Amino acid sequence: MEYSKHFQEMLEERKIYPAWVEQTLEMPDHTEIREDGTCHFIKQIQEYENRWLRIVVNVCVNPNRVITAFFDRRLRRMKP
């Protein structure tokens, strides 16, 4: 799996720890496969006020490319 430049910039800008990325990609609480060729990996991060981390991966390319990561406010009060 490779990381896009945008993804790397977003980790720093949004203060997302690499360990959280690993946890989310390896053991997501939920995944969503989208028609646009991406897979969204979602995990609740207890160390960050139980917020939901969403990582978007382009699974149509080889190797798969991680596009972006963000804490999804839409999931704050609900479980995906």
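Read the figures in this text as sums done on the coordinates, not as results from a lab. None of these values were measured; they are calculated from a predicted model. Quick reminder, even Gly has a Cβ in these numbers, built from the backbone with ideal geometry, and neighbours come from all protein chains shown.
Name the residues in region 1-59 that are over 15 Å from L75 (Cβ atoms) and assigned to a strand (DSSP E or B), would you?
Passing the criteria: E2, Y3, I33, T38, C39, V57, N58.
Quick one: N62 ticks every box in (1) assigned to a loop (DSSP other than H, G, I, E, B); (2) of a type outside the set (D, E, K, R); (3) touching a helix residue (DSSP H, G or I) at 6+ places or on another chain (Cβ under 9 Å); (4) without any contact (Cβ under 8 Å) to a residue 40 or more places away in the chain except a single one, so which number is it?
(3)
Just checking, how many residues over region 10-31 are over 18 Å from V61 (Cβ atoms) and either of a type in the set (G, A, S) or surrounded by 12 or more Cβ atoms within 10 Å (Cβ to Cβ) (or both)?
Start the filter on region 10-31 by keeping residues that are over 18 Å from V61 (Cβ atoms), which leaves 10-24, 26-30.
Now narrow it down to the ones that are either of a type in the set (G, A, S) or surrounded by 12 or more Cβ atoms within 10 Å (Cβ to Cβ) (or both): 10-11, 14, 16-17, 19-21, 23-24, 28-30.
So the answer is 13.
Looking at I67, I33, which one is touching a residue at least 60 places away in the same chain (Cβ under 8 Å) and of a type in the set (V, I, T)? Working first, answer last.
Working: I33 fails: touching a residue at least 60 places away in the same chain (Cβ under 8 Å).
On inspection, the qualifying residue turns out to be I67.
Could you list, in sequence order, all residues of region 1-27 that are within 13 Å of E47 (Cβ to Cβ) and aromatic (F, W, Y)?
Y17, W20
For the subset of region 32-45 comprising residues that are surrounded by fewer than 14 Cβ atoms within 10 Å (Cβ to Cβ) and not aliphatic (A, V, I, L, M), which member is nearest to F70 (Cα to Cα)?
So the first thing to find is which residues in region 32-45 are surrounded by fewer than 14 Cβ atoms within 10 Å (Cβ to Cβ), and the list is 32-37.
When the remaining residues are screened for being not aliphatic (A, V, I, L, M), the result is 32, 34-37.
Numbers: E32: 15, R34: 17, E35: 20, D36: 18, G37: 18 Å.
Only one residue tops the list, namely E32.
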